[in-house]
Amino acid sequence: MRCLLKPQLWYAGMTVLFLAACSPMGAVQVPASGPGSYPPAVYTHRVATPDVLVYWNCTQPEPGVVEVDGVVQDIGSPEVRYLELNLVGADSRNSSVSQASASLSDAMLTTNQIAPFHLQLRAAGSEQRLDLYYQYYLDSRLDFPIRNYARDVCSPTQHLAR
């Protein structure tokens, strides 16, 4: 049997199919402010674990409402699964007085993949700070989550992305 396609066309076609099959469906590219500047130039805040980077901005679109928009990037694990984020408003006694949650439960992040998140918190009025708690599972080891948190995430002086 003789191949009707030239080898160069066959290789080009297979490369396109391979790249299409390997590209993550949930991957999101966030616009950068300039070449090589993403993400620190786009986001004000950042925290990291050996597995993920979390970048975000805090805004107050209206009185009593705080929004945290950002991205999570898998930086060190073949798979990060079931990522959950909680924004918690704490009062002067360190008690939780308000909370907002977001889940990337349907997404599986592979190395260098990025997924966006959005948290909107309606303040109770007695918040002294906002803390961000996040947890996730690694690859197929779903027996216990990796948990971490960042204190006072909307502070103008803490968790700065530089």
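Just so you know, all these numbers are worked out from the coordinates, no wet-lab data involved. None of the values given here were measured: they were computed from a predicted structure. Cβ sites come from the backbone with ideal geometry, for glycine too, and all protein chains shown count toward neighbours.
Structure values in brief
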{"read-out": "Local net charge near HIS118, Cβ-Cβ under 12 Å (Lys/Arg +1, Asp/Glu -1)", "value": "-2"}
{"read-out": "Per-peptide average of other Cβ atoms within 10 Å, ordering 43-49, 145-151 highest first", "value": "43-49, 145-151"}
{"read-out": "Burial ranking of peptide ranges 114-124, 78-88 (average Cβ count within 10 Å, highest at the top)", "value": "78-88, 114-124"}
{"read-out": "Length released on extending from THR59 to SER155, taking residue separation times 0.36 nm less the Cα-Cα span", "value": "33.4 nm"}
{"read-out": "Gyration tensor verdict on the range 63-162 (Cα atoms; rounded if a/c is under 1.5, prolate if a/b is larger than b/c, oblate otherwise)", "value": "prolate"}
{"read-out": "Neighbourhood charge, 11 Å Cβ-Cβ cut-off, centred on ASN57 and excluding it, Lys, Arg +1 and Asp, Glu -1", "value": "-1"}
{"read-out": "Residue-count net charge about LEU109 - beta-carbon cut-off 10 Å; Lys, Arg +1, Asp, Glu -1", "value": "-2"}
